[in-house]
1. At 7 angstrom along the Cα-to-beta-carbon line, where would the label on A:Glu24 sit relative to the other copies? Give the distances in nm, shortest first.
2. Shortest first and in nm with one decimal, please list how far the B:Lys6 label point sits from its counterparts in the other copies (point 7 Å along Cα→Cβ).
3. Between B:Arg50 and A:Asp34, what is the label-to-label distance in nm when each label sits 7 Å out along the Cα-to-Cβ direction?
4. Note down the relative contact order for region B:7-81 as a percent, whole number, built from C-alpha pairs under 8 angstrom at least six residues apart.
5. Summing Lys, Arg as +1 and Asp, Glu as -1, what charge do residues with Cβ under 10 Å from the Cβ of A:Arg36 carry, A:Arg36 excluded?
6. Taking the Cα atoms of chain B, what is the range of coordinates along each of the three principal axes, in descending order and whole Å?
7. Treat region B:49-108 as a sphere of radius equal to its Kirkwood radius over Cα pairs and apply Stokes-Einstein at 20 °C in a medium of 1.002 mPa s; give the translational diffusion coefficient in µm²/s, rounded to a whole number.
8. With a sphere of radius 15 Å drawn around the Cβ of B:Leu71, what net charge do the other residues whose Cβ falls strictly inside it have (Lys, Arg +1; Asp, Glu -1)?
Number of protein chains: 2
Amino acid sequence: MDKKRKQQLEEKGFRVGSAADFLELSPEEEAYIDIRLDISNMVKSQRAKRGWTQEQLARAIGSSQSRIAKLEGGDPGISLDLMIKALLRLGTSKKQIGKLLEGELEAA
Amino acid sequence: MDKKRKQQLEEKGFRVGSAADFLELSPEEEAYIDIRLDISNMVKSQRAKRGWTQEQLARAIGSSQSRIAKLEGGDPGISLDLMIKALLRLGTSKKQIGKLLEGELEAA
DNA sequence: TTTAATTATGCCAAATTCGACATATTAAAG
DNA sequence: CTTTAATATGTCGAATTTGGCATAATTAAA
């Protein structure tokens, strides 16, 4: 199972470091990717909740539709900064983001 | 007071957008900077808690001492990604980061 | 004080991320 | 089916962030 997950991550473009050369991700690598996926998923769900298109969200933060698509798809070439800016623009509060990372939020 | 804060931010290098041309930061800009400062402060306190030097932390995440210094100083030229990687390497959990953003953590 | 250790600041070229644009692909509606 | 809106994918040059390095500035210990 881990082998498959690693392959999936690499297909998405993640650089799985030396620790992963033996198939496993380090706890830090796992947690880092986990946080990114949590946040990108929250952008997707919050945008849907507000009925915005990717184009609308993109314009609202001075970005482009293609980057929002990549963001929501978990593309590693998207910074956490851009993700957070998107979330905030969607009306998500710092507190809500905290709850998400705490695991108290399912999909928001 | 707000005038002073804006000036401080600009001195640090932040680009305070059009909304700030009238002296105020938008709620999103405020929250974004707030999140970054919270996390950078947590890196500083967690590192101190473990008695690591900036050099040690830098090596542990494949970075450099100068970037850790800038990170802890709230330099805007440091990505949230690097900050999160540093926090995780210091043993901070995703859950703890969540609590920090929720406001349930004073200094950690 | 002098010395050593740590942290802060500035610059560089390389790597990464950016917005943008074009163009598939998919989904929904007619 | 066709049309249209929305999303996904790929590429480009520009902008940002990177690690590394030099060197101040600060702090602590002697």
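1. Here the equivalent label points are 5.3 nm apart from this one.
2. 5.3
3. Between B:Arg50 and A:Asp34, the label points sit 1.6 nm apart.
4. Values: 43 pairs, mean separation 23.5, N = 75.
Relative CO of region B:7-81 lands at 31 percent.
5. On the way: positive: none; negative: A:Asp34, A:Asp38, A:Asp75, B:Asp81.
Counting the neighbours of A:Arg36, the net charge comes to -4.
6. 43, 30, 21 Å, listed from the longest principal axis down.
7. Values: Rh = 12.1 Å.
Answer, rounded: 177 µm²/s.
8. On the way: positive: B:Lys12, B:Arg36, B:Lys44, B:Arg47, B:Arg59, B:Arg67, B:Lys70, B:Lys85, B:Arg89; negative: A:Asp81, B:Asp38, B:Glu55, B:Glu72, B:Asp75, B:Asp81.
With Lys, Arg at +1 and Asp, Glu at -1, the net is +3.
Every number in this text was worked out from the coordinates using simple rules, so none of it is lab data. Please read all numbers here as calculations on a predicted model, not as lab measurements. Backbone-built Cβ (ideal geometry, glycine too); neighbour counts: all protein chains shown.
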